[in-house]
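Colleague: Here you go, one structure.
Laboratory data are not the source of any read-out in this text; all were calculated from the coordinates shown. In this text, all values refer to a predicted model and were calculated from it rather than measured experimentally. No Cβ is skipped: glycine too gets one built from the backbone with ideal geometry, and neighbour counts run over all protein chains shown.
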Amino acid sequence: QKEVEQNSGPLSVPEGAIASLNCTYSDRGSQSFFWYRQYSGKSPELIMSIYSNGDKEDGRFTAQLNKASQYVSLLIRDSQPSDSATYLCAVNPFKAAGNKLTFGGGTRVLVKP
Amino acid sequence: GAGVSQTPSNKVTEKGKYVELRCDPISGHTALYWYRQSLGQGPEFLIYFQGTGAADDSGLPNDRFFAVRPEGSVSTLKIQRTERGDSAVYLCASSLDHADTQYFGPGTRLTVL
């Protein structure tokens, strides 16, 4: 079992719709969770971080964390063609953004006009 | 301000050769990370520096890989006797300290023929 698992996709979403991405992790000690966006040929860019159970909203993005079920999700509202990218879920065992990150394989999202 | 920079952007080498990849972190960032990303995969942790010392090198795949950060700023990842399986994008990230967001550089694409 991989430490961090994501559906590779592609997740095809009509423009204006909600894209829902899921991620599960195996280490119950993980305490900080991140979503990175990666455009093709570019480096990962942090879009959301979450540390506590529940929802965290930032603009069109909402991250949801459920530690009991060991999953974290990302919702993208009003999806735009510019949201087409690979979304990487990453976890860290420490209660901070630092130290090593364990990434999932990423979910490719395609937003169709 | 300037972000993380990496040189070269592309490196093609022959099997068995030695390569050095350079990372210049954001000014003032004390923590520096190296990751490796193979095609279609998420980044994989290699090594983490806090200041000049390697705080965690558990991700280095074998003793052909070595990294240094002698003055606590620029870091060099060194790969001896390169193998075709070393072909990947090598990403560097830095953070203000170990408890802060990691910012990624553009990566070095290494191709071993």
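Colleague: Please give the contour-minus-distance gain from A:Ser40 to A:Gln80: 0.36 nm per residue of separation, less the Cα-Cα distance, rounded to one decimal in nm.
Modeller: Full-extension gain reported as 12.8 nm.
Colleague: Here is a further query. What does the structure give for B:88-97 when I average, per residue, the other chain Cβ atoms found within 10 Å of the residue Cβ?
Modeller: Mean inter-chain Cβ contacts per residue within 10 Å come to 2.
Colleague: Something else: Provide the net charge surrounding A:Tyr39, with neighbours chosen by a C-beta distance below 12 Å and charges set as Lys +1, Arg +1, Asp -1, Glu -1. Walk me through the intermediate numbers first.
Modeller: Working: positive: A:Arg37, A:Lys42, A:Arg108; negative: A:Glu45, A:Asp83.
In short, +1.
Colleague: Count the lysine pairs in the stretch A:26-113 whose Cα atoms sit under 23 Å apart, keeping only pairs 8 or more residues apart in sequence or on different chains.
Modeller: Pairs that pass both the separation and distance tests number 7.
Colleague: Between B:Arg109 and A:Lys67, what's the calculated FRET efficiency when r is the beta-carbon distance and R0 is 25 Å? Round to 0.05.
Modeller: The computed FRET efficiency comes out at 0.10.
Colleague: Would chain A count as rounded, prolate or oblate if I go by the C-alpha gyration tensor, calling it rounded below 1.5 in a/c and otherwise prolate when a/b exceeds b/c, oblate otherwise?
Modeller: Because a/c hits 1.5 or more and a/b exceeds b/c, chain A counts as prolate.
Colleague: Tell me the net charge near A:Ala17. Cut-off is 14 Å between Cβ atoms, A:Ala17 excluded, with +1 for each Lys or Arg and -1 for each Asp or Glu.
Modeller: Once all neighbours under 14 Å are counted, the net charge is 0.
Colleague: Along the Cα-to-Cβ line of B:Arg64, 7 Å from the Cα, sits a label point; which residues in the stretch B:6-27 have backbone N less than 20 Å from it?
Modeller: So the set is B:8, B:10-22.
Colleague: Please rank A:Tyr36, A:Tyr51, fewest neighbouring Cβ atoms within 10 Å first, as an exposure proxy.
Modeller: In order of increasing Cβ crowding within 10 Å: A:Tyr51, A:Tyr36.
Colleague: A further question on this structure: Pop a pseudo-label 7 angstrom from the Cα along the beta-carbon direction at both B:Ser27 and B:Val12 and give the gap in nm to one decimal.
Modeller: Result for the modelled spin labels: 3.6 nm.
Colleague: Under the definition of Cα pairs under 8 Å and six or more residues apart, what whole-number percent is the relative contact order of chain A?
Modeller: Relative CO of chain A lands at 38 percent.
Colleague: Take A:Arg108, A:Arg28 and order them by how many other Cβ atoms sit within 10 Å, fewest up front.
Modeller: A:Arg28, A:Arg108
Colleague: May I pose another question? What distance in nm separates the two pseudo spin-label positions at B:Thr76 and A:Asp55, each 7 Å out from Cα along the beta-carbon direction?
Modeller: 5.2
Colleague: Oh, and also: Between A:Ala17 and A:Lys112, what is 0.36 nm times their sequence separation minus the Cα-Cα distance? Round to one decimal in nm.
Modeller: Gain on extension, A:Ala17 to A:Lys112, equals 33.2 nm.
Colleague: Using a simple charge model, +1 on the beta-carbon of Lys and Arg, -1 on the beta-carbon of Asp and Glu, nothing else, what dipole does the stretch B:1-82 show about its Cα centre, in debye to the nearest 20? The partial results should precede the final answer.
Modeller: Details: 9 positive and 8 negative charges, 66 e Å.
Here the size comes out at about 320 debye.
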